[in-house]
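The values are calculated or read from the model by the stated rules, or taken from the named source; none is laboratory data. Keep in mind the model is a prediction, meaning the values are calculated, not measured. Please note: Cβ atoms are built from the backbone with ideal geometry, for glycine as well, and neighbour counts cover all protein chains shown.
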């Protein structure tokens, strides 16, 4: 059973650009959630996808969007990057139980 | 709005000592999670507490949940240096997880020899 993987590991972008982050869920997991963790803070919920549909969203603007594919892998897209978007982005996958399995994260730096 | 508060936020302690981290939350929930995070790393799941009175132990760590008091504790017994990390509690409001987990700010724990 493979765990949750994310790519890339690190990324540097310029303010105003767009970025796509990727997540492969743990085998068989049909639900994926994305979180943003600013330095020194706890993770904040961005949104959740279940069977390719967004079914929950945190307090993030529409320029944060996502996709989930039939194989349950997922993308997080951020448009018009701002300096405050610099953070560790974590995805977590789950099946039917309460346990969520977090990936290693993507460190995004916006300059 | 669900609020999750941890205290202390910073803790420096000596090896061999005992200590407790507290996690208070503001609305009804019966799912409470504890995670460990090492610098630059992702979150490692420690405990999932699913009912009032739940108690779980793993090695030198023990977690408990009191849903009536909206309080969870993470107790460290005879601390060792390897337990140095940041510890987060997180609460699931319910709704099948579609609202995500709400995390506390974390407790940065340093254990000195």
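Across region A:48-69, what is the number of residues that are part of a loop (DSSP other than H, G, I, E, B), at pLDDT 90 or above and exposed (fewer than 15 other Cβ atoms within 10 Å of the Cβ)?
Total meeting the criteria: 6.
Could you tell me whether residue A:92 is within 10 Å of chain B (Cβ to nearest Cβ) and under 21 Å from residue B:102 (Cα atoms)?
yes
I'm trying to understand the selection: among the residues of region B:28-58, which are more than 18 Å from residue B:109 (Cβ to Cβ) and either within 12 Å of chain A (Cβ to nearest Cβ) or surrounded by 17 or more Cβ atoms within 10 Å (Cβ to Cβ) (or both)?
B:29, B:30, B:31, B:32, B:48, B:49, B:50, B:51, B:54
Restricting to region A:101-111, name every residue that is more than 7 Å from chain B (Cβ to nearest Cβ) and outside any strand (DSSP E or B).
Correct list: A:111 only.
Any idea which residue in region A:15-47 is surrounded by the fewest Cβ atoms within 10 Å (Cβ to Cβ), counting only those that are free of Cβ contacts under 8 Å to residues at least 24 places away in the same chain and assigned to a loop (DSSP other than H, G, I, E, B)?
Filtering region A:15-47 for residues that are free of Cβ contacts under 8 Å to residues at least 24 places away in the same chain and assigned to a loop (DSSP other than H, G, I, E, B), the one surrounded by the fewest Cβ atoms within 10 Å (Cβ to Cβ) comes out as A:40.
Tally time: how many residues in region B:9-21 are under 12 Å from the mean Cα position of the chain (by Cα) and either at pLDDT below 95 or buried (at least 16 other Cβ atoms within 10 Å of the Cβ) (or both)?
1
For region B:1-37, what are the residues that are within 22 Å of residue B:102 (Cβ to Cβ) and in a loop (DSSP other than H, G, I, E, B)?
Those that are within 22 Å of residue B:102 (Cβ to Cβ) and in a loop (DSSP other than H, G, I, E, B): B:1, B:2, B:3, B:8, B:9, B:26, B:27, B:28, B:29, B:30, B:31.
Scan (1) surrounded by 17 or more Cβ atoms within 10 Å (Cβ to Cβ); (2) within 14 Å of chain B (Cβ to nearest Cβ) for the single condition residue A:78 breaks and write down its number.
It fails just one condition, (2).
Quick test for you: out of B:65, B:83, pick the one residue that is touching a residue at least 24 places away in the same chain (Cβ under 8 Å), surrounded by 18 or more Cβ atoms within 10 Å (Cβ to Cβ) and more than 14 Å from every other protein chain (Cβ to nearest Cβ).
B:83
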